[in-house]
Amino acid sequence: MPSVFIEIARLMSDHYLGKRTEEIDPNLPPGKIIFVEKKIISRPINFSNLDIVISGRLDALVEFDDGTYGIIDFKTSDFEKNYKNLYSFQLNAYAYALDNLDFNSNKLELFKVSKKISKLGLLYFSPSNISKLSNNQISLEGETKWVEIERNEAEFLNLIKEISELLKQEKPPPPSKNCELCEYIMKCKDL
């Protein structure tokens, strides 16, 4: 991913830390972003005699007023394009990892007890304008939009099981035309 998008996501994380969800999007339940840019590591999942660990970096975690939690991933893109399916696996992986933290590898004291992840979603930033601020500075402006992702742990674990079975094979299978992951990998190769 080009570093400019990573930097925009970092700036969004820093901007939203400590903010109420009402300031982010009215479609989110009331709550507050309690931490950003945190690495998480799950306990191993064993499928097909392989130990699989889920590891990633959360853009933001929300603590909702009802005591549940939400995971937000920041994206810079045209939100008219529907990337829900592409990022569903990523967000469900984060939710699974938070539900199954390896407490020896994580420094998230907040999660020493089980927490309920009730919302997953993407917060898109779609740039649309640049304004000049001074001689050497400009401001990038645009809209944000919350896109909720369905939590589906059974589907996530089924995919992990399929991946573990593929990893045990001596040769990888050829790419499938109907596989979203194969399509994503091919797009990444083209970048």
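FYI, it's all coordinate maths here, none of it is from the lab. Note that the structure is a prediction, hence the values are computed from the model and not measured. A quick note on method: Cβ atoms are made from the backbone with ideal geometry, for glycine too, and the neighbour counts reach across all protein chains shown.
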Ordering of 155-164, 168-177 by packing [mean C-beta count within 10 Å, highest first]: 155-164, 168-177
Calculated [θ] (222 nm, deg cm²/dmol) that DSSP helices of n ≥ 4 give over the chain, each run adding -39,500 (n - 2.57): -10000 deg cm²/dmol
Karplus-derived HN-Hα couplings along the stretch 123-138 (A = 6.51, B = -1.76, C = 1.60, θ = phi - 60°), whole Hz, x at Gly and Pro: 10, 7, 10, 10, x, 9, 7, 10, 10, 7, 9, 8, 3, 10, 10, 10
Between helix 180-190 and the chain: long-axis angle, C-alpha atoms, 0 to 90°, nearest 10: 60
Cβ-based exposure ranking for Val36, Val53, Val62, Val147, in which fewest neighbours within 10 Å come first: Val53, Val147, Val36, Val62
Kirkwood hydrodynamic radius of the stretch 3-190, from inverse mean 1/r over distinct Cα pairs, in Å: 18.3
Estimated inter-spin distance, Ile6 and Tyr87, nm [label 7 Å along Cα→Cβ]: 1.8
Additional length obtainable on full extension of the chain from Lys19 to Glu141, 0.36 nm per residue less Cα span: 42.0 nm
FRET efficiency estimate (nearest 0.05) - Cβ-Cβ, Phe103 to Glu165, R0 35 angstrom: 0.75
Order of Ile45, Ile149 under a 10 Å beta carbon neighbour criterion, fewest first: Ile45, Ile149
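Relative contact order of the stretch 4-91, please, whole-number percent, based on alpha carbon pairs below 8 angstrom and at least 6 residues apart.
25
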In degrees, nearest ten, helix 3-16 long axis to first principal axis of the chain (Cα): 70
Cysteines having no other Cys beta carbon under 4.7 Å from their own, within the chain: Cys188
For Thr76, residues with placed amide H under 5 Å, excluding near neighbours: Phe125
Contour excess over end-to-end distance, with Cα ends at Glu153 and Arg43 and 0.36 nm allotted per residue: 38.1 nm
Rounded tilt (10° steps) of 153-168 against the dominant C-alpha axis of the chain: 60
